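Report on the structure given below.
Laboratory data are not the source of any read-out in this text; all were calculated from the coordinates shown. Since the structure is predicted, the reported quantities are computational estimates derived from the model, not experimental observations.
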Amino acid sequence: MCSMTKIKTSIALDEELIKWVDLQIEKKRFANRTHAIEYALQQLVDCEKSSVLQPAYFPQSYDLILREKASKKKE
């Protein structure tokens, strides 16, 4: 990833995603939340650059999370 000027921003994420990110930080996979989000976004950019068929918008695992949350809300 190129070293560029950072722009501070604010985002809202699902609580379960934040818990997962924080767990990864505890495991030393990421230095902090910014590092985790930058890594994930860079992976998406790289995937789209190398994709011949279609852009990768949501990983299957995240799609599964969204479907599970929707089914829980219906219960």
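Some notes on this structure:
- Under 23 Å of direct C-alpha separation, and excluding same-chain neighbours fewer than eight residues apart, LYS49 reaches these lysines: LYS6.
- Taking a straight Cα-Cα cut-off under 16 Å and skipping sequence neighbours fewer than 8 places away in the same chain, the aspartates and glutamates within cross-link reach of LYS72 are ASP14, GLU15, GLU16, ASP63.
- Added length on full extension, which subtracts the Cα-Cα distance from 0.36 nm per residue, ALA40 to SER10: 9.2 nm
- In plain terms, the chain from ASP22 to ALA70 could stretch by 14.9 nm, reckoned as 0.36 nm per residue minus the Cα-Cα distance.
- Partner lysines for LYS27 [C-alpha distance under 21 Å; skip if fewer than 8 residues away on the same chain]: LYS19
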